[in-house]
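K.L.:
Before we start, here is the structure in question, set down as structure tokens.
The values are calculated or read from the model by the stated rules, or taken from the named source; none is laboratory data. Given the structure is predicted, the values throughout are model-derived calculations rather than measurements. In this analysis, Cβ positions are derived from the backbone assuming ideal geometry, glycine residues included, and neighbour counts consider all displayed protein chains.
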Protein chains: 2
Amino acid sequence: MKPIQVGLLGIGTVGSGTFNVLRRNQQEIERRAGRGIEITMVADLDVARAKAIVGEGVQVVNDARAVIANPEIDIVIELIGGYGIAKALVLEAIAAGKHVVTANKALLAVHGSEIFAAASARGVMVAFEASVAGGIPIIKALREGLTANRIQWIAGIINGTTNFILSEMRDKGLDFDVVLKEAQRLGYAEADPTFDIEGVDAAHKATIMSAIAFGIPVQFDKAYVEGITKLGAADIRYAEQLGYRIKLLGITKRTDKGVELRVHPSLVPTKRLIANVEGAMNAVVVQGDAVGTTLYYGKGAGAEPTASAVIADLVDIARLHTADPEHRVPHLAFQPHTLNQAMDSLPVLPMSEVVTSYYLRLRVADEAGVLAKVTGLLAAAGISIDAVLQREADEVGGEGSTQTDLIILTHDTREGTMNEAIAQMQALPTVLAPITRIRKEELN
Amino acid sequence: MKPIQVGLLGIGTVGSGTFNVLRRNQQEIERRAGRGIEITMVADLDVARAKAIVGEGVQVVNDARAVIANPEIDIVIELIGGYGIAKALVLEAIAAGKHVVTANKALLAVHGSEIFAAASARGVMVAFEASVAGGIPIIKALREGLTANRIQWIAGIINGTTNFILSEMRDKGLDFDVVLKEAQRLGYAEADPTFDIEGVDAAHKATIMSAIAFGIPVQFDKAYVEGITKLGAADIRYAEQLGYRIKLLGITKRTDKGVELRVHPSLVPTKRLIANVEGAMNAVVVQGDAVGTTLYYGKGAGAEPTASAVIADLVDIARLHTADPEHRVPHLAFQPHTLNQAMDSLPVLPMSEVVTSYYLRLRVADEAGVLAKVTGLLAAAGISIDAVLQREADEVGGEGSTQTDLIILTHDTREGTMNEAIAQMQALPTVLAPITRIRKEELN
């Protein structure tokens, strides 16, 4: 059988990783796929560099549209990134009847509905295993491996940069700013790290997983997004003393009222496997009604781990491209005509409707009655307390007055209720600094 | 579209789990599969009990062959187990043109080649996600998700009974026999636990994974199998002091000489995620050349976790059964005609050719020169030492003489070489009891 011809748009880190792995493991991949898979055309603005990577025998152009226009090309890999030209090219490739493989989480989280609808209408596949958690086959696990289950929740460490920073902060007791600089020096964080440290990248991935888990459209605009920039070394230390680690989690959860979709730092019990995922590694925990808890762990980024996912998509397409489109795995796990229906019964909830538990740190005057006042306000709001950690006083106030940290863990409560209680506590004259609030997830 | 009609052979724990999950999540599964999937016929020797489980509207018979003979049935689920009647029924179902789903690891590890050849010849699928690690979609991950990779090794906790026993031995400092009785009382171990505690069940699963990973036929007869019955609480304690946990691992590894395929207790560094998998849980670590290390964790047994895998297979078949057989995922990941070829270049190695590192415990007389003698023998054999733990002497010998435990961790060495060195050490008059030898795996 003639090899599948693949065109590659953008040969940066992941693109060259894909080219190299496909060539290195050519024989073994063909033994699996039953058919050769070859990148025969590459588009990149830097034609000279691209030629140096691919060598002889591969056509290199600087115009992505020349790849899309080539009738010999069966599959187009989009590795340009971003919402701009990438979106136009993906839609043009679909219109030209090409199957598309992409690692572009931002594009799919924001414009997925439009792209998947275009692909369905044209009868082509858009595959995106590489868009979430790098080489971990989490999309395949959710969409196919766990297909028997009513998924209850997903919680993942799905951004390696922030997990690296949090691991370093804990290991070395350093503050965020210091570790970020080190991460940038080591190449774990980009020069402009905003998308990572503010939680946007994790929210793109959580958005894609929420759609696949619950059968709703991708709705990035409804996601709650909070990054790690405000975390202090003290909170990491206190959490540790209480038996927790702080991780940036992407969470999506089915409740009676709708779907929670949120990214924020979370306390996770140290004894959970996912709490022990360190450095730039990724892990995703999925809770299904039949299977119970499963966890998937691996490298979430990098040239070859991401290439592993891109190539798995190529092989899937090589297998399914002759199949009747209605028998292929649906883009978002569920048949497309059922997605909008589900949105009515499963709306994405505003953050104030989310129910979770909380870690609170209050900087208070070291006076009699402070604890009683604070716990009294919580009790009045119907928020029950799980644990209290009262630090020894340290003398930092003026004129010999002392201050201390008061740490409270709560049981589950509505975020809206918690926000009101925090506002009331903040108004107490004995609360001397802005209250730190970090959500806590038991994940069991 | 007409629902897929499924016939179930054997409605015990997993069978009723499958029936219940399929019915409970019927709507959601249909929204994914694009088509209904219904168990319409059940065969079980206990017809009355089967009828009580499935209720009205499902035909119950006591003759499995009546299910196979029913032209309305598209897929047969075999949940009888064992090599006997199950083998005959699976082959008959294939001959009748039915697709088969099975959880029967013993059958596939021993007779897989014959069964897959029959299925390929008849153009039907045999799906077996449930045969390894219960609800964890590890077969799918290996066969599809990691298809870009040259797999280097797999190491898994793939038997829940033994992992539960080892966890309890460590937690409570108890010996094997005591914990086994408790496990039987709690239902974590069967009345006849031989297949579990002797490592046979884990070896069946490791055999299946070795074939899928390396593109060779299933070769259970070549597997090295050692259980946990000889492990003492002392070894678990010493391992802990040295920074290791003892786990029963199923390991398969590609080396220059061939494939290692072995099940035995192993020391694993405590800091590895898999070392922290406790109780009856399963986890599999896969190392691929592109993706690096990935890990898959979840429940490896039980009615609904196993049902989750059985139903995922049903959905896969519902999707692929109209596809051209040559485009389906091959049973053992690689195209069947390439498996025997690979066997020549990748033979399964005898245990004496395996290279790993070792934990040795020697009961020795507490005399000057014992350590020098023992380490001298190791040095002469070319075995280098990683760590030594010398216990304080305890007075248990006769006539006031004292004995002590000498624990040695070695670096990598050939098992054959190690066997000879152990025989020499055993012959020393100062070595007072049979030497305990446990293999050590760094898994990094």
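K.L.:
Return yes or no: is A:G376 modelled with pLDDT of 95 or more, more than 35 Å from the chain's Cα centre (by Cα), not assigned by TED's automatic domain parsing to the domain that holds A:L248 and not hydrophobic (A, V, I, L, M, F, W, C)?
P.N.:
When the stated conditions are applied, A:G376 passes them.
K.L.:
Applying the selection to segment A:278-305, what residues are outside any strand (DSSP E or B), buried (at least 24 other Cβ atoms within 10 Å of the Cβ) and at the interface with chain B (Cβ under 9 Å from one of its Cβ atoms)?
P.N.:
Within segment A:278-305, A:A290, A:V291, A:E304, A:P305 meet the criteria.
K.L.:
Could you check segment A:318-346 and list, in sequence order, the residues that are of a type in the set (A, V, I, L, M, F, W, C), surrounded by fewer than 24 Cβ atoms within 10 Å (Cβ to Cβ) and either in a helix (DSSP H, G or I) or free of Cβ contacts under 8 Å to residues at least 60 places away in the same chain (or both)?
P.N.:
A:L320, A:A323, A:L339, A:A342, A:M343
K.L.:
OK, next. Go through (1) away from every other protein chain (no Cβ under 14 Å); (2) in a helix (DSSP H, G or I); (3) touching a helix residue (DSSP H, G or I) at 6+ places or on another chain (Cβ under 9 Å); (4) closer than 22 Å to A:V124 by Cβ one by one and return the number of the condition A:I73 breaks.
P.N.:
Checking A:I73 against (1) away from every other protein chain (no Cβ under 14 Å); (2) in a helix (DSSP H, G or I); (3) touching a helix residue (DSSP H, G or I) at 6+ places or on another chain (Cβ under 9 Å); (4) closer than 22 Å to A:V124 by Cβ, the one that fails is (2).
K.L.:
Considering (1) at pLDDT below 95; (2) in a loop (DSSP other than H, G, I, E, B), say which one B:A183 fails and leave the rest.
P.N.:
Against the list (1) at pLDDT below 95; (2) in a loop (DSSP other than H, G, I, E, B), B:A183 comes up short only on (2).
K.L.:
In segment B:231-246, which residues are in contact with a strand residue (DSSP E or B) (Cβ under 8 Å, 6 or more places away or on another chain) and on the phi < 0 side of the Ramachandran plot?
P.N.:
B:L231, B:G232, B:A234, B:D235, B:I236, B:Y238, B:A239, B:Q241, B:L242, B:Y244, B:R245, B:I246
K.L.:
Quick check: is even one residue across segment A:394-411 within 14 Å of chain B (Cβ to nearest Cβ) and crowded, with 16+ Cβ neighbours inside 10 Å?
P.N.:
no
K.L.:
Counting only residues that are more than 18 Å from B:A33 (Cα to Cα) and facing chain A (nearest Cβ under 7 Å), how many does segment B:306-329 have?
P.N.:
Residues in segment B:306-329 being more than 18 Å from B:A33 (Cα to Cα) and facing chain A (nearest Cβ under 7 Å): 3 in total.
K.L.:
Would you mind finding the one in A:I80, A:I37, A:I73, A:I68 that is modelled with pLDDT of 95 or more, closer than 16 Å to A:T306 by Cβ and not acidic (D, E)?
P.N.:
The conditions single out A:I80.
K.L.:
Then there is this: Does segment A:91-132 hold any residues that are within 14 Å of another protein chain (Cβ to nearest Cβ) and farther than 18 Å from A:L314 by Cβ, and which are they?
P.N.:
Scanning segment A:91-132 gives a single hit, A:S120.
K.L.:
Kindly indicate whether any position in segment B:360-377 is of a type outside the set (A, V, I, L, M, F, W, C), within 24 Å of B:A148 (Cα to Cα) and buried (at least 20 other Cβ atoms within 10 Å of the Cβ).
P.N.:
The answer is no, given that none of the residues of segment B:360-377 is of a type outside the set (A, V, I, L, M, F, W, C), within 24 Å of B:A148 (Cα to Cα) and buried (at least 20 other Cβ atoms within 10 Å of the Cβ).
K.L.:
Restricting to segment A:3-61, name every residue that is small (G, A, S) and more than 28 Å from B:Q341 (Cβ to Cβ).
P.N.:
Matches in segment A:3-61: A:G7, A:G10, A:G12, A:G15, A:S16, A:G17, A:A43, A:A48, A:A50, A:A52, A:G55.
K.L.:
For segment B:33-46, check the following and say yes or no: at least one residue is in a helix (DSSP H, G or I), of a type outside the set (K, R) and within 28 Å of the chain's Cα centre (by Cα).
P.N.:
Scanning segment B:33-46, I find no residue that is in a helix (DSSP H, G or I), of a type outside the set (K, R) and within 28 Å of the chain's Cα centre (by Cα), so the answer is no.
K.L.:
In addition: Search segment B:50-84 for residues being farther than 15 Å from B:Q5 by Cβ and free of Cβ contacts under 8 Å to residues at least 12 places away in the same chain, and hand back the single one that is surrounded by the most Cβ atoms within 10 Å (Cβ to Cβ).
P.N.:
Step by step, filter segment B:50-84, then rank; the result is B:K51.
K.L.:
Evaluate segment A:246-268: report whether one residue or more is at pLDDT 95 or above, within 13 Å of chain B (Cβ to nearest Cβ) and more than 18 Å from A:E129 (Cα to Cα).
P.N.:
Yes, segment A:246-268 has at least one match.
K.L.:
Please count how many residues of segment A:134-181 are surrounded by fewer than 23 Cβ atoms within 10 Å (Cβ to Cβ), β-branched (V, I, T) and facing chain B (nearest Cβ under 9 Å).
P.N.:
Counting residues in segment A:134-181 that are surrounded by fewer than 23 Cβ atoms within 10 Å (Cβ to Cβ), β-branched (V, I, T) and facing chain B (nearest Cβ under 9 Å) gives 0.
K.L.:
Just to be sure before I move on: is A:V101 outside the structural domain of A:K205 (by TED's automatic domain parsing), in contact (Cβ under 8 Å) with a residue 40 or more places away in the chain, assigned to a helix (DSSP H, G or I) and of a type outside the set (S, T, Y) in the structure I sent?
P.N.:
For A:V101, the condition - outside the structural domain of A:K205 (by TED's automatic domain parsing), in contact (Cβ under 8 Å) with a residue 40 or more places away in the chain, assigned to a helix (DSSP H, G or I) and of a type outside the set (S, T, Y) - is not met.
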